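Written out below as structure tokens is the structure these notes cover.
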Amino acid sequence: MQPLKITILGDYFDCQIYRGRLYLWTFDGDIKIYQWSDIVKSLVKKETENIAMTFSFLDGNYLYKSSLIELFKDSDFRKLLIKKFSSIKNKNLILDIKSLDKFLLGQQQSPGNLLPTDTEIYSNKLYFINDIGLFNASVHRSKSDKFMVSSRPSKLWDCNLLSIKANNYPQLALSGGNEGLFELNMSKSKPSNLKTVETSTPIYQISKSHSSFSNYSYLNIYNTSLVEESFLAMFKWNMTKDKNNKDLPRRDYDSSIKDKELFNDTSNKHFISWGIEDKIYKAYSGGFEIIKYNNYANENNELEKFSRLGEFPLQEWKGKIINGGTAHFGNIVECENALVVVKSTNEMFTIDGPITRWRVYPRSMNYENHLHVILDDRIEIYSFNHDYFLNQSNKNFGIEFKQDKHTRFSKRSFFEDTNESIFINVPKNHLIGDLPF
């Protein structure tokens, strides 16, 4: 089952998608904000295309629902839905700048007046880094506002960072190159054994080891270094009491596991490794190796915490692996000459380079099936729709999608300056100490 694709012609530097809006940065230093849902609807030419286009580009989470998974066991129903996707796989979904600008909500100078090194959108805020530091600015503002993104960003830190990555919860992993690995922790419950590097901002130093980029693996952070050993920074929940003598969980730093130990590598050679959620990957000459991380393993249940799943070869012409990431639909491997998606079906999908930038959104509620690829003269927005039909626990590639319980907690207990209620996903087998506060 091949992915669907929308192509947007033009020269772009970065992109984000959030709550129905597409954010595109141009090399002129502008940020353009578009109504994404209207863009997708404009490409639907027949009523029979509506279901596939909606699930592909607007509501990627819907088909993971447990009630539908039961329906997928019916081969006739499954074949009908797959046929819906297949019917539009050859559609020429291309937009030039003139066509795209019909859906423009706003255009402005990029906040901070510099092109960002990296961006993330979390909880209605754009977090971005550039040569002079870490900033945030409010997004998803009213259409009546002059600027869709606040033109007056707040400076959070003056460190020249290389990469930032948001967690599901109010944390942001910060990779600072030679300065080390840091975390912006915006929860009310702060770690008790890490020190802040700023007096006015809750930024904690996790390690002084080199950090090129990083990502979250459950409670933990996988730190990737392109020049030194990479490692998994492990955290654990400790229960304490707040000022009212109520239980307060603290996500404290525990220990770090080097990548050579994870992969049982006794050589002196450096290799690139990366991880997100339940998968950890190691690049080698000609391919990569995969380890499954079982977050539920502990000394009481005799489960294996790290288990080797195997290796996957890559063709020589694609060049060395220089970056990697993971989504539910598979593993994304950036090589010197191509971007490779090893789908959760074990099939390979290749996008020829040169690649300017790419993004996936595995923590999104609607766009976890998206892969956005920026090339020299266009951005290609792919939708991968094969993963809904798989047994999630048997996948070698891609993040395992879990059907979680939804439990309502008061946001005031764990987040700063709000009394809103929110739904937090709590896997069935988690103990109270594992709750993701």
Open item on the list: For region 184-236, take every pair of Cα atoms, bin their distances at 10 Å starting from 0, and report each bin as a whole percent.
Closed with: 22, 52, 25, 2
- [ ] Please list, or write none, the lysines whose alpha carbon is within less than 18 Å of the alpha carbon of K98, excluding same-chain residues fewer than 8 places away.
- [x] K32, K41
Open item on the list: Can you give the FRET efficiency to the nearest 0.05 for S192 and I132, using r as the Cβ-Cβ distance and R₀ = 30 Å?
Closed with: 0.40
TODO: Please report how far the C-alpha centroid of region 1-56 lies from that of region 83-106, rounded to the nearest whole angstrom.
DONE: 7 Å
Task: Anchor K320: aspartates and glutamates whose Cα lies under 15 Å away (excluding residues fewer than 8 positions away in-chain) - done: E289, E334, E336, D352
Open item on the list: For region 147-206, which trypsin sites (Lys or Arg not before Pro) pass both filters: DSSP loop (anything but H, G, I, E, B) and at most 10 other C-beta atoms within 10 Å?
Closed with: K195
TODO: Among L181, I94, N346, flag the residue with its Cα farthest along the positive direction of the charge dipole of the chain, charges on Cβ as +1 for Lys/Arg and -1 for Asp/Glu.
DONE: I94
Task: Point-charge dipole on Cβ atoms (K/R +1, D/E -1) for region 247-347, about Cα centre, debye to 20 - done: 280 debye
TODO: Starting from one equal scatterer on each C-alpha and no solvent at all, send me the Debye-based log10 I(q)/I(0) for region 268-316 at q = 0.15 Å⁻¹, two decimals.
DONE: -0.47
Open item on the list: Can you return the lysines within cross-link range of K79? Criterion is Cα-Cα under 19 Å, with same-chain partners fewer than 8 residues away left out.
Closed with: K65, K89
Open item on the list: Charges at C-beta only: +1 for Lys and Arg, -1 for Asp and Glu. How large is the resulting dipole of the chain about its Cα centre, in Debye rounded to 20?
Closed with: 1280 debye
TODO: Find, among the chymotrypsin sites (Phe, Trp or Tyr not before Pro) in region 274-336, those assigned to loop by DSSP (not H, G, I, E, B) with at most 16 other beta-carbon atoms within 10 angstrom.
DONE: Y296
- [ ] Based solely on C-alpha atoms, express the radius of gyration and the Dmax of region 55-200 in angstrom.
- [x] 21.1, 61
TODO: Take region 115-172, drop everything but the C-alpha atoms, weight them equally and run the Debye formula without solvent; then report log10 I(q)/I(0) at 0.18, 0.23, 0.29 Å⁻¹ to two decimals.
DONE: -0.60, -0.91, -1.22
Task: trypsin sites (Lys or Arg not before Pro) lying in DSSP loop within region 211-243, provided at most 11 other Cβ fall within 10 Å - done: K243
Task: Percentage, to the nearest whole number, of Cα pairs in the chain over 38 Å apart - done: 21 percent
TODO: Measure up K46/K91; K188/K236; K195/K236; K190/K279; K292/K343 against 20 Å on the Cα-Cα distance and list the ones that go over.
DONE: K190/K279
Task: Over the chain, relative contact order from alpha-carbon pairs under 8 Å, at least 6 apart, % - done: 14 percent
Task: Convex hull volume per residue in cubic angstrom - Cα atoms of region 243-347 - done: 165 Å³
Task: Average silhouette area of region 288-364, convex hull of alpha-carbon atoms, in square nanometres - done: 6.3 nm²
Task: Charge context of Q35, other residues only, Cβ under 12 angstrom, K/R +1, D/E -1 - done: +4
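No value in this document is a laboratory result; all are computed from the given coordinates. Everything numeric in this text was worked out from a predicted model, so none of it was measured. Cβ atoms come from the backbone with ideal geometry, glycine included; neighbour counts cover every protein chain shown.
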